[in-house]
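Below is one structure; the comments refer to it alone.
The values are calculated or read from the model by the stated rules, or taken from the named source; none is laboratory data. The structure displayed is predicted, hence computed values, not measured ones. Virtual Cβ from ideal backbone geometry, glycine too; neighbours counted across all protein chains shown. Ligands, DNA and RNA are stripped out before the accessible areas are found, and what is left, the full protein with its side chains, is counted by its heavy atoms. Shrake-Rupley method; radii C 1.70, N 1.55, O 1.52, S 1.80 Å.
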Amino acid sequence: SIELYLQFKNAHWNLRGSSFGSLHILFDETASEILNFADNLAERMAIVGGEPVSTVQKLSAVPQLADAPVGMRQQDEFIKLLVDRVSYFAGMVRDSLQIFERNNDPVTTDTCLRGLSSLEKKLWMIEAHQSVKS
(Lines give C-alpha, C1' and ligand atoms only; values in the text may rest on other atoms or scores of the structure.)
Protein backbone atom coordinates (compact mmCIF):
# COMPACT_ATOMS: atom_id res chain seq x y z
CA SER A 1 0.00 0.00 0.00
CA ILE A 2 2.89 2.38 0.70
CA GLU A 3 4.42 1.54 -2.68
CA LEU A 4 1.09 2.21 -4.37
CA TYR A 5 0.79 5.51 -2.49
CA LEU A 6 4.23 6.56 -3.76
CA GLN A 7 3.37 5.57 -7.33
CA PHE A 8 0.32 7.84 -7.20
CA LYS A 9 2.37 10.71 -5.76
CA ASN A 10 4.92 10.18 -8.53
CA ALA A 11 2.14 10.46 -11.12
CA HIS A 12 0.66 13.47 -9.30
CA TRP A 13 4.00 15.29 -9.35
CA ASN A 14 5.19 14.35 -12.85
CA LEU A 15 2.03 14.16 -14.95
CA ARG A 16 1.70 16.13 -18.20
CA GLY A 17 -1.15 16.19 -20.70
CA SER A 18 -4.47 17.72 -21.64
CA SER A 19 -6.27 16.29 -18.58
CA PHE A 20 -3.57 17.47 -16.19
CA GLY A 21 -5.91 19.42 -13.90
CA SER A 22 -8.46 16.69 -13.27
CA LEU A 23 -5.90 13.86 -13.13
CA HIS A 24 -3.57 15.86 -10.85
CA ILE A 25 -6.44 16.17 -8.34
CA LEU A 26 -7.64 12.57 -8.83
CA PHE A 27 -4.15 11.14 -8.34
CA ASP A 28 -3.65 13.21 -5.19
CA GLU A 29 -7.04 12.18 -3.75
CA THR A 30 -6.31 8.55 -4.57
CA ALA A 31 -2.89 8.75 -2.93
CA SER A 32 -4.51 10.15 0.23
CA GLU A 33 -7.09 7.35 0.31
CA ILE A 34 -4.38 4.73 -0.20
CA LEU A 35 -2.33 6.25 2.63
CA ASN A 36 -5.39 6.15 4.87
CA PHE A 37 -5.94 2.50 3.92
CA ALA A 38 -2.25 1.77 4.64
CA ASP A 39 -2.59 3.39 8.06
CA ASN A 40 -5.70 1.36 8.86
CA LEU A 41 -3.97 -1.85 7.74
CA ALA A 42 -0.85 -1.10 9.77
CA GLU A 43 -2.86 -0.29 12.89
CA ARG A 44 -4.93 -3.43 12.47
CA MET A 45 -1.75 -5.46 12.01
CA ALA A 46 -0.35 -4.05 15.26
CA ILE A 47 -3.64 -4.75 17.08
CA VAL A 48 -3.56 -8.44 16.10
CA GLY A 49 0.09 -8.82 17.11
CA GLY A 50 1.88 -8.27 13.82
CA GLU A 51 4.58 -5.78 12.96
CA PRO A 52 3.78 -3.34 10.17
CA VAL A 53 6.45 -2.51 7.61
CA SER A 54 7.42 0.89 8.93
CA THR A 55 10.85 1.81 7.59
CA VAL A 56 12.26 2.49 4.15
CA GLN A 57 14.71 -0.39 4.62
CA LYS A 58 11.91 -2.87 5.38
CA LEU A 59 9.80 -1.55 2.52
CA SER A 60 12.63 -1.89 0.01
CA ALA A 61 13.29 -5.46 1.20
CA VAL A 62 9.81 -6.62 0.16
CA PRO A 63 8.96 -4.78 -3.08
CA GLN A 64 5.71 -5.81 -4.76
CA LEU A 65 5.21 -3.20 -7.48
CA ALA A 66 7.63 -2.31 -10.25
CA ASP A 67 8.76 1.30 -10.38
CA ALA A 68 7.44 3.60 -13.05
CA PRO A 69 9.94 4.08 -15.88
CA VAL A 70 12.25 7.05 -15.39
CA GLY A 71 11.12 10.11 -17.29
CA MET A 72 7.50 9.02 -17.59
CA ARG A 73 5.33 12.12 -18.02
CA GLN A 74 2.38 11.51 -20.37
CA GLN A 75 -1.06 10.99 -18.89
CA ASP A 76 -1.87 7.88 -20.97
CA GLU A 77 1.31 6.21 -19.70
CA PHE A 78 0.48 7.03 -16.10
CA ILE A 79 -3.14 5.94 -16.45
CA LYS A 80 -2.13 2.57 -17.92
CA LEU A 81 0.52 2.07 -15.24
CA LEU A 82 -1.75 3.03 -12.36
CA VAL A 83 -4.67 0.93 -13.60
CA ASP A 84 -2.27 -2.02 -13.68
CA ARG A 85 -0.85 -1.29 -10.21
CA VAL A 86 -4.26 -0.73 -8.56
CA SER A 87 -5.62 -3.90 -10.15
CA TYR A 88 -2.64 -5.89 -8.87
CA PHE A 89 -2.94 -4.45 -5.36
CA ALA A 90 -6.71 -5.04 -5.31
CA GLY A 91 -6.02 -8.68 -6.20
CA MET A 92 -3.61 -8.92 -3.26
CA VAL A 93 -6.28 -7.53 -0.93
CA ARG A 94 -8.86 -10.00 -2.29
CA ASP A 95 -6.46 -12.90 -1.71
CA SER A 96 -5.91 -11.68 1.85
CA LEU A 97 -9.66 -11.54 2.49
CA GLN A 98 -9.86 -15.31 2.09
CA ILE A 99 -7.23 -15.75 4.81
CA PHE A 100 -9.02 -13.39 7.20
CA GLU A 101 -12.33 -15.13 6.63
CA ARG A 102 -10.78 -18.59 7.21
CA ASN A 103 -9.29 -17.27 10.46
CA ASN A 104 -12.63 -15.82 11.55
CA ASP A 105 -11.31 -12.25 11.66
CA PRO A 106 -14.31 -10.12 10.67
CA VAL A 107 -12.71 -6.84 11.77
CA THR A 108 -9.69 -7.21 9.49
CA THR A 109 -12.02 -8.41 6.74
CA ASP A 110 -14.13 -5.27 7.19
CA THR A 111 -11.05 -3.03 7.22
CA CYS A 112 -9.91 -4.53 3.93
CA LEU A 113 -13.37 -4.45 2.35
CA ARG A 114 -13.76 -0.74 3.13
CA GLY A 115 -10.32 0.01 1.67
CA LEU A 116 -10.96 -2.17 -1.36
CA SER A 117 -14.30 -0.48 -2.03
CA SER A 118 -12.68 2.95 -2.00
CA LEU A 119 -9.80 1.76 -4.17
CA GLU A 120 -12.09 0.18 -6.76
CA LYS A 121 -14.11 3.39 -7.03
CA LYS A 122 -10.91 5.36 -7.71
CA LEU A 123 -9.85 2.71 -10.25
CA TRP A 124 -13.16 3.20 -12.05
CA MET A 125 -12.58 6.97 -12.13
CA ILE A 126 -9.04 6.58 -13.45
CA GLU A 127 -10.13 4.09 -16.12
CA ALA A 128 -12.68 6.64 -17.34
CA HIS A 129 -9.71 8.81 -18.41
CA GLN A 130 -8.23 6.11 -20.65
CA SER A 131 -8.09 6.96 -24.33
CA VAL A 132 -10.62 4.95 -26.28
CA LYS A 133 -8.93 2.91 -28.98
CA SER A 134 -11.04 1.32 -31.75
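What to note about this one:
- Principal-axis tilt of helix 75-102 within the chain, Cα atoms, nearest 10 degrees: 10
- Under a model in which nothing but the beta-carbon of Lys, Arg (+1) and Asp, Glu (-1) is charged, the chain shows a dipole of about 300 debye around its Cα centre.
- Once the Cα atoms are used to define both axes, helix 2-14 deviates from the longest principal axis of the chain by about 20 degrees.
- Value at 222 nm in deg cm²/dmol, rounded to 500, when DSSP H runs of n ≥ 4 in the chain each add -39,500 (n - 2.57): -25000 deg cm²/dmol
- Taken over the alpha carbons of region 60-134 as equal point scatterers, the Debye sum produces base-10 log I(q)/I(0) values at 0.16, 0.23, 0.25, 0.26 Å⁻¹ of -0.71, -1.07, -1.14, -1.17.
- The chain - accessible surface per residue (Å², probe 1.4 Å): 61
- Calculated P(r) tail over 25 Å for the chain, as whole % of Cα pairs: 28
- Overall dimensions of region 1-47 as given by Cα atoms, namely Rg and Dmax in Å: 12.5, 45
- For region 64-134: relative contact order, % (alpha-carbon pairs under 8 angstrom, 6 or more apart): 42
- Computed over protein heavy atoms with a 1.4 Å probe, the carbon and sulfur contribution to the accessible area of the chain reaches 55%.
- Charges were assigned to the Cβ only: +1 to each Lys and Arg, -1 to each Asp and Glu. The resulting dipole of region 80-121 about its Cα centre is roughly 200 debye.
- Per-residue Karplus couplings for region 107-122, computed as 6.51 cos²θ - 1.76 cosθ + 1.60 with θ equal to phi - 60°, are listed in order as 6, 5, 4, 5, 4, 5, 5, 5, x, 5, 4, 5, 5, 5, 5, 5 Hz, Gly and Pro entered as x.
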